[in-house]
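Scroll down for the structure; my scribbles are underneath it.
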Amino acid sequence: MMLDLQTFKTVVASTPLISVDLIVESEKGQVLLGYRNNRPAQGYWFVPGGRILKDERFESAFCRLTENELGEQIMLSQASFLGPYEHLYTDNFSGDAFSTHYVVLGYKVVWNGKISDLPSEQHCDYRWWNIVELLSSTEVHDNTKAYFL
């Protein structure tokens with residue numbers, strides 16, 4: 001269920017959002033990050049992921065998000081749960097003056113698809129990172145680094 005813009009702004013300004021982040025690893029142990037187009041976390045390298053929608057079952061949300069973010073539907077049973085995380089941002093998707101609060105469920109998946117086939121709506125560029133490299137980079141968002149600490 002998608003909300004109209006004004007209702008969604010009210011929700012984001014008033015409540016935490018529930019989302020799934022995909023910690024995508026290659027068979028070589030590298031991690032896929034995308035360069036964020038949109039707020040929050042705009043201008044940083046970040047893991048793929050997205051919100052769970054109202055009345056959307058968790059398994060359905062996971063399949064939808066992997067399809068949308070990776071171009072391939074991955075079943076929840078193929079993922080490893082890393083735990084819950086909390087992401088707090090001073091900005092939001094609209095640029096209006098309110099913060100964003102996410103309760104994020106982190107899941108690790110193994111994927112060896114082609115970066116050139118990934119969507120550009122949320123991320124304008126993608127690359128594989130070594131964990132040591134991403135932890136030391138100022139271009140990788142702290143909320144992404146938290147998955148590897």
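The values are calculated or read from the model by the stated rules, or taken from the named source; none is laboratory data. Computed from a predicted structure; not experimentally measured. Positions of Cβ are backbone-derived with ideal geometry, glycine not excepted, and every protein chain shown enters the neighbour counts. Please note that ligands, DNA and RNA were not included when accessible areas were found on the heavy atoms of the full protein model with its side chains. Shrake-Rupley method; radii C 1.70, N 1.55, O 1.52, S 1.80 Å.
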What do you reckon, is Lys9 over 16 Å from the mean Cα position of the chain (by Cα) and either at positive phi or not in a helix (DSSP H, G or I) (or both)?
no
request  = Would you check if Asp96 is open to solvent by less than 70 Å² (accessible area, probe 1.4 Å), touching a residue at least 24 places away in the same chain (Cβ under 8 Å) and touching a Pro at 6+ places or on another chain (Cβ under 7 Å)?
outcome  = no
Checklist entry - Hey, any hits in segment 54-63 for a residue that's among the polar types (S, T, N, Q), closer than 18 Å to Ser19 by Cα and open to solvent by 60 Å² or more (accessible area, probe 1.4 Å)? => result yes
Of those in segment 101-145 that are under 16 Å from the mean Cα position of the chain (by Cα), open to solvent by 50 Å² or more (accessible area, probe 1.4 Å) and among the polar types (S, T, N, Q), the residue farthest from Leu53 (Cα to Cα) is Ser120
> Regarding Gln30, is this residue under 16 Å from the mean Cα position of the chain (by Cα) and of a type in the set (S, T, N, Q)?
Replying inline: no
Restricting segment 17-41 to residues that are open to solvent by less than 40 Å² (accessible area, probe 1.4 Å) and of a type in the set (Asp, Glu), the one farthest from Ser116 (Cα to Cα) turns out to be Asp21
Among strands (runs of 3 or more DSSP E) entirely inside segment 30-149, those with 3 or more residues being over 24 Å from Lys9 (Cα atoms) and not β-branched (Val, Ile, Thr) are 31-36, 80-89, 100-110, 123-129
Going through segment 75-93 in order, the residues found to be touching a residue at least 12 places away in the same chain (Cβ under 8 Å) and under 29 Å from Glu27 (Cβ atoms) are Met75, Leu76, Gln78, Ala79, Ser80, Phe81, Leu82, Gly83, Pro84, Tyr85, His87
Every listed condition ((1) touching a Ser or Thr at 6+ places or on another chain (Cβ under 8 Å); (2) closer than 21 Å to Lys108 by Cα; (3) of a type outside the set (S, T, N, Q)) holds for Lys9 save (2)
